[in-house]
Each structure stands twice: as C-alpha cells, then as structure tokens.
Amino acid sequence: MKTVSILIPCYNEEENVVPISEAVIAQMKESLPDYDYEIVFIDNRSTDKTRELLRQLCAGNPKIRAIFNAKNFGQFNSPYYGICQTTGDCTICMCADFQDPVDMIPKMVAEWEKGARIVSCIKTSSRENPIMRFLRTRYYKMIKKMSDVEQIEHFTGFGLYDKSFVEVLRNLDDPTPFLRGIVAELGFERVDLPYEQQRRRAGKTHNNFYTLYDAAMLSFTSYTKVGLRIATFAGFIVGGISMIIALVYLILKLIYWDRFVAGTAPILLSVLIFGSLQLVFTGFLGEYILSINKRVMHRPLVIEEERINFPEVTKEKES
C-alpha cells in the first residue's frame, strides 16, 4: 500500500490545526481508501495553543506527527525542512488555514499515478484582496521576464512531490531554499493543476509588507541578475551624460567666462538625481550581498525542539 504524506506548516493556527487534520483524514478515507497516509505538522514556534492541540492530535492518532521548531525559522525554511522529514511515497504540502482546498488531494494523487513526479497547483483565481491579487500578478510576470530560469506564475508551493524529488531536496544543501524557484529550476517534468484559492477559515494572516518583500527579494536575488545589470548600464549611461554636461559647461565657461553664470540649481538637481540612483543601486547590491552572506554562513535550516510520533530511524540530520 502506498503512503501519501501531507506536510502542513503552521504558526499560531490554534483555530485551524484540528479542523484541517479532520478534513484531510476524511478526504483520504473517502477519496483514497487504498492509500495509507501520514500528516506531518511542523510548528514554527507558535505562541498560542497550537502546540497543545498538536500534542492532543498526535496522542489520538499515531499517523499524525509533529515537529516543534526551537524558534521561528521563517516562512521558507520550515516548510522545506518539513518536506524533507516526510516518509511517504509522495508528499503534499499545503497550508493549515484552508486556503489550499483539501479536495485537491485526490486530483494530485491521480496525476501522480499517471506518472507526474511533481504536481503544482496554480492559483487561477483567488478570494484575496483584488489589489493584492493584481500586485502579485505583476510581480510574477516581472520575475518571469527577468529570470534566467523558468518561473511558475501563481505557484505558492501547494502541490505534490514524488519521493524522488524529495530526495533531491534533501541533498540540495541550500541554507536559503526558495521552494517555488527550486521546483521550476530543478524539478522533474510536472503537471499544473488550476484551483481557486479560498479565504482563510479562521485566524489572521501572518503575511505583511516585510514577509512579502522578503519573498520577493529572495526570488529576485536567487534567480535574476537584472538588478546588477541595470545598475551597471545605468552607471555607464549616467556617467556618459555627466561627462558630456561637464564638457559643455567647461566650453561655455571658457568662451563666455565673463557672462556665463550657470547658477546652483543645475548642480543641486544633478546631485539629487545621481545621489538617488546611487542609493537605489546600492540597495540592490546590498540585497545580493545579504543573500550571499546567508549562504556563506550556512546555518541550519531548522533546529528541532521536539518531534512526536516519528520512528527514530526516520529522523534526518538537522541541516
């Protein structure tokens, strides 16, 4: 009997962890009765009752497992690490807040049985704020045009991964993994399934400007060179213009030295423009350096505080 692993990352999801586990189990029993399952929760240091509820779930069902992180390791490291701890023939990664529909599970498994080793679920519509939807769409299209490798639009990581690809993730040894980009860059042949993203069932979203910016910059610095290239080209162009202006100014000053007065306005304007460009491109450069710094330090993805219902033989080295 094949085993389907369902990985559910969570952080302060006390209102959702019990209902999502019940919904997944019901879906497996009704739609996939010939498959065994394991549900793996990885908790990113919740401060509410999430861990208490997960302990109760694990005590009542040995197929439900939990990993408790020693601290919050971010929105990318924790799910990636959790996928690497699953033991099934395939792993499905989904949110705890019901934005990823549970009824997509049998559809993904059906595609997997046809031979797909990666099934990525693509948001064709969403019940989120229309403004956020528009901004995400523009962002995905921009990154897709600028990236050196394929990028999957409106893919959040919700999908199915065959155990052969999970093994690739285990051996990747990337201290700053961006799963969406890795699937596009290193993944096997995949099948894309459309779905409508639902509203949160309960609780508040943990995404804010900082987390969204962090995701955008990780993708930008990992898969594009355009920021540095723009800075280089702009530097050449602005430098050339500056030299021409300087030469024109010098010639006018020599010819009309007794009458030519340029004033301070052009100088001030030039300083403001060039200073702004320098700040912007220094920021770009800083983002790339920050990305390099994280990789060079090579800190662990996650440090576990505790794991429940895992056989000792399956425990992977913290990496």
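What the table shows:
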quantity: Convex hull projection area averaged over all views, region 59-109, Cα basis, nm²; calculated: 4.8 nm²
quantity: Nearby aspartates and glutamates by direct alpha-carbon distance to Lys2 (threshold 20 angstrom, same-chain neighbours under 8 apart not counted); calculated: Glu30, Asp34, Asp36, Glu38, Asp89, Asp103, Glu111, Glu113, Asp162, Glu167
quantity: Computed E for Glu153/Phe274 - FRET, C-beta separation, R0 45 angstrom, nearest 0.05; calculated: 0.80
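Bear in mind that the values in this text are calculations on the coordinates, not laboratory data. What you see is a predicted model; the values in this text were computed from it and never measured. Using ideal geometry, Cβ is built from the backbone for each residue, glycine included, and neighbour counts are taken over all protein chains shown.
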